[in-house]
Amino acid sequence: MMRLFRYLKPYRLPIGIILALVFVQSLSELYLPTLMSDIVNFGISKGDVPYIWQIGGIMLAVAIGGTICAIISSYMSAKVAMGYGKLMRGKVFNHVQHFSLQEFDQIGTASLITRTTNDITQVQQVLVMILRMMVSAPMMCIGGIIMAVNKDAKLTLVLAVVIPILALAIFAVASKGIPLFKAMQKKLDKLNLVLREGLIGIRVIRSFNRTTHEKQRFNDANTDLTQTAIKVNRIMASLMPIMMLAFNFSTIAIIWFGSDRINAGSMQVGDLMAFIQYATQIMFSLVMVSIIFVMIPRASASATRINEVLEMEPVIRDQANGKQASGQHGYIEFDRVTFSYPGAENPALSDISFSARPGETTAIIGGTGSGKSTMLNLIPRFYDIDSGRILVNGIDVREFSHEDLRAKIGLVPQKAVLFSGTIADNIRYGKRDATDEEMRHAADVAQATEFINGMPDGFESTIAQGGTNVSGGQKQRLSIARALVRKPEIYIFDDSFSALDFKTDAKLRAALKGETVDSTVILVAQRVSTVMDADRIIVLEEGRIADVGTHKELLEKSDVYREIVSSQFSEEEIA
Ligand code: ADP
Ligand code: MG
């Protein structure tokens, strides 16, 4: 957790002020019982009214001063902690933006969300506690003991008996509670995961009538978390009665032994009263310390989880001064590329070699899971390969800066993703400063104009969160327009025509041809009709290239390709 607190640097000044205020407040609290004992000893017992007024006035002033310090320090510590939380959330979010997909796979989206929200809140809460008690608890404890000894040294023996007992009890409670606090954070992750899946997959869940199953799953995770929380709180709740018991018994003991001493004339009534208050302050400070000690392990479990994110070095490092493109433009070459997903047994791709140049269309066809998407994801360097090379314009993709490399690429992912905002916003995502002209043209080519015009506000119509108010095919066309508006050197279409009807598919591909004369196109498709007129068709099978060639060549030499073709066309159509 200490490592996380290094980010408190910008708050050094307010923290200093808070600690000073708390210091003054603690002093005032330590001084009040002494003033009170003076009133009792020298005022009330002697009937000296002016003296009572005088000391009473001082008491009032000290109490008001202490209260003002307390108010200001609470206000400031709340502000510091909130500001710190904001800072940390920003830091985590910015850091995560640099992650490669590998790190996302590793931590998991649900856990990343919990870490950015709940875990940071935990640290924030303990920070408030620490700010307020770091100074006051030790001061009240040590100061209280000094003052108590000062009032009556012999009576402190009572405290010497009570405090160790109280400390032992606190220790027992804390050591039981701390592991449970740590477990709670993990269970919260789990709950988040189930909740996310349940909400994102709501359509699937309903259509397969799995609502009860999902409810059960959520219920299990929910109950699990609740039971741990209840257990932890039950244990923590026992602290209070233990503390009260210790308070009251020590008060009884102090009065019991103190009254003897007053009878014997070796103690005054006011001192006895002050002594009881100091004893209370000492024990109370012990409880404070114990609460901090319980909260710190919990927050430090959270801090570890935050640090894990902050200290995770993206496996794929961005090149600060990446090589600039040579004279070439839009060249792609795979050179004996082998790639496995982290933790996977078999490589997802093995020994892939091919090259593509501007004006050419390379199509990839193959069964599901054959590695088509994987192959495309390697070009923008979402993952790093195990062996071989991927060259863009003759330069290894690892030598580009991410920004330069990705600026060359217009990617249409297999799962079309839109952002909440207008249609125009979504198309301009590809190129921020695109003119209206460019945007409309891109929509035209993507065959999206017709349905956009059919929408109530045309290009200014809003897309709901997750793009739920447009159909799958419309989503695909918008994400194609988004890539087109960029005018990239390299187009990557990952099965981007799958949700289009045959007619739109054909029209779109005809329009694309004119658009991509100077660019390299790599596309994945399921339909033979989509890949048929590509310059090169790569047939993938279990991560290996089974055959390469044009439609004609493949019909002659490739059994796998013929099989795919015959599964889609009848005999006459092929001929
Ligand atoms: P395709 O696009 O041809 O249907 P993919 O390229 O998506 O196939 O997947 C190829 C193989 O890699 C599959 O066996 C799949 O299980 C695996 N795979 C895909 N994505 C990941 C991932 N993020 N982590 C681990 N394995 C993955
Ligand atoms: Mg795929």
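The values are calculated or read from the model by the stated rules, or taken from the named source; none is laboratory data. Being a predicted model, the structure only gives us computed values, none of them experimental. Neighbour counts are summed over all protein chains in view; Cβ atoms, including those assigned to glycine, are modelled from backbone coordinates with ideal geometry. Areas reflect the complete protein model, heavy atoms only, side chains present, ligands, DNA and RNA absent. Shrake-Rupley method; radii C 1.70, N 1.55, O 1.52, S 1.80 Å.
So what's the back-of-envelope 222 nm ellipticity for the chain, counting only DSSP H runs of four-plus at -39500 (n - 2.57) apiece and dividing by all residues, rounded to 500? Write out the running numbers ahead of the final one.
Details: 23 runs with 355 residues, N = 575.
Only helices count here, giving -20500 deg cm²/dmol.
In percent, how large is the relative contact order of the chain, given Cα pairs closer than 8 Å and 6 or more residues apart?
Across the chain, relative contact order equals 14 percent.
Compute, for Glu403, the solvent-accessible surface of its heavy atoms (probe 1.4 Å) with the complete set of protein chains present, and express it in square angstrom to the nearest 10.
Solvent-accessible area, nearest 10 Å²: 150 Å².
From the Cα gyration tensor of segment 43-189, with a ≥ b ≥ c the square roots of its eigenvalues, which class applies: rounded if a/c is under 1.5, or else prolate if a/b is larger than b/c, or else oblate?
Because a/c hits 1.5 or more and a/b fails to exceed b/c, segment 43-189 counts as oblate.
Cα centroid distance between segment 411-468 and segment 63-120, in Å?
35 Å
Do the alpha carbons of any pairs in Lys9/Lys86; Lys372/Lys503; Lys487/Lys552; Lys190/Lys231; Lys372/Lys513; Lys9/Lys79 sit beyond 20 Å of each other, and which pairs? Before the final figure, lay out each step's value.
Working: Lys9/Lys86 14 Å; Lys372/Lys503 25 Å; Lys487/Lys552 31 Å; Lys190/Lys231 18 Å; Lys372/Lys513 22 Å; Lys9/Lys79 15 Å.
Listed pairs above 20 Å: Lys372/Lys503; Lys487/Lys552; Lys372/Lys513.
Which value in nm describes the separation of the simple spin-label points at Asn118 and Ala320, placed 7 Å from the Cα toward the beta carbon?
Going from the Asn118 label point to the Ala320 one covers 3.9 nm.
All other residues with a Cβ under 12 Å from the Cβ of His213 taken together, and with Lys, Arg as +1 and Asp, Glu as -1, what is their net charge?
+1
Taking every Cα atom in segment 414-487, find the radius of gyration and the maximum pairwise distance Dmax, and write them in Å.
10.6, 28
Below 8 Å, C-alpha to C-alpha, sequence gap of six or more: please give me the relative contact order for segment 4-310 in percent.
Contact order relative to length: 33 percent.
Taking loop as defined by DSSP and a crowding limit of 14 other beta carbons within 10 Å, which trypsin sites (Lys or Arg not before Pro) in segment 129-198 fit?
Sparse-neighbourhood loop trypsin sites (Lys or Arg not before Pro): Lys154.
About the Cα centre of segment 414-487, what is the dipole size in debye to 20, counting +1 per Lys and Arg Cβ and -1 per Asp and Glu Cβ, all else neutral? Each step should come with its number before you reach the end.
On the way: 10 positive and 9 negative charges, 90 e Å.
Roughly 440 debye, rounded to the nearest 20.
Using Cα atoms only, what is the angle between the long axis of helix 472-484 and the major principal axis of the chain, expressed in degrees (0 to 90) to the nearest 10?
With both axes taken from Cα atoms, the answer is about 80 degrees.
Return the FRET efficiency for the residue pair Glu197, Leu168: r is the Cβ-Cβ distance, R0 is 41 Å, and the value is rounded to the nearest 0.05.
0.35
Report relative contact order for segment 414-487 in percent, whole number only (criteria: Cα-Cα under 8 Å, sequence separation at least 6).
It comes to 54 percent, rounded to a whole number.
Heavy-atom accessible area per residue, segment 414-487, 1.4 Å probe: how many Å²?
Ligands and nucleic acids excluded, the result is 51 Å² per residue.
What number do you get for the chain when its Cα radius of gyration is normalised by 2.2 N^0.38 Å, N = residues?
On the way: Rg = 35.8 Å, N = 575, 2.2 N^0.38 = 24.6 Å.
Working it through for the chain, the quotient is 1.45.
Suppose every Lys and Arg Cβ carries +1 and every Asp and Glu Cβ carries -1, with no other charges. What dipole size does segment 426-542 come out with about its Cα centre, to the nearest 20 debye?
Numbers: 15 positive and 19 negative charges, 23 e Å.
It works out to roughly 120 debye.
By how many nm would the segment from Ile142 to Tyr75 grow when fully extended, if each residue of separation counts as 0.36 nm and the alpha-carbon distance is taken off?
Numbers: separation 67, 0.36 × 67 = 24.12 nm, distance 2.62 nm.
Gain on extension, Ile142 to Tyr75, equals 21.5 nm.
Give me, ordered by chain and number, the residues 5 or more places off Gln268 or on other chains with an amide H under 5 Å from its own placed amide H.
When sequence neighbours closer than 5 places are left aside, there are no close amide H contacts.
When the Karplus curve 6.51 cos²θ - 1.76 cosθ + 1.60 is applied with θ = phi - 60°, which whole-Hz ³J(HN,Hα) does each residue of segment 118-131 get, with x for Gly and Pro?
Along segment 118-131, the couplings run 4, 4, 5, 4, 4, 5, 4, 5, 5, 5, 4, 4, 4, 4 Hz.
Leaving ligands, DNA and RNA out of it, report the carbon-plus-sulfur percent of the accessible area of segment 7-113 at a 1.4 Å probe. Display every interim value, and only then the final one.
On the way: 4190 of 5830 Å².
Of all accessible area on segment 7-113, carbon and sulfur atoms account for 72 percent.
Putting +1 on Lys and Arg Cβ atoms and -1 on Asp and Glu Cβ atoms, find which of Leu112, Gly265, Ser45 reaches farthest to the positive end of the dipole of segment 4-310.
Projecting each Cα onto the dipole axis, the largest value belongs to Leu112.
How much length is gained on full extension from Phe42 to Ser461, taking 0.36 nm per residue of separation minus their Cα-Cα distance?
Computed gain between Phe42 and Ser461 is 142.6 nm.
For segment 379-432, give the magnitude of the charge dipole about the Cα centre (Cβ charges: +1 Lys/Arg, -1 Asp/Glu; no others), in debye to the nearest 20.
260 debye
Highest first, please rank the peptides 168-174, 379-385 by the mean number of other Cβ atoms sitting within 10 Å of their residues.
379-385, 168-174
Relative to the longest principal axis of the chain, what angle (0 to 90°, nearest 10) does the C-alpha long axis of helix 136-151 take?
Helix 136-151 sits roughly 10 degrees off the main axis of the chain.
For the residue pair Met82 and Ser207, what label-to-label distance in nm results when each label sits 7 Å from Cα along the Cα-to-beta-carbon direction?
Going from the Met82 label point to the Ser207 one covers 4.5 nm.
Give me the percent of the accessible area of segment 414-487 that comes from carbon and sulfur atoms, probe 1.4 Å, all protein chains in place.
C and S fraction of accessible area: 46 percent.
Taking the Cβ of Leu4 as the centre, find all other residues whose Cβ is under 13 Å away and add up their charges (Lys, Arg: +1; Asp, Glu: -1).
Residues near Leu4 contribute +4 overall.
Suppose the chain between Asp105 and Val161 were pulled fully straight at 0.36 nm per residue; how much longer would it get relative to their current alpha carbon spacing?
Full extension of this stretch gives 14.6 nm more.
If R₀ is 25 angstrom, what is the calculated FRET efficiency for the pair Ser567 and Lys415, using the beta carbon separation as r and rounding to 0.05? Don't skip to the answer; put the middle values down first.
Numbers: r = 24 Å, r/R0 = 0.97.
With a Förster radius of 25 Å, E is 0.55.
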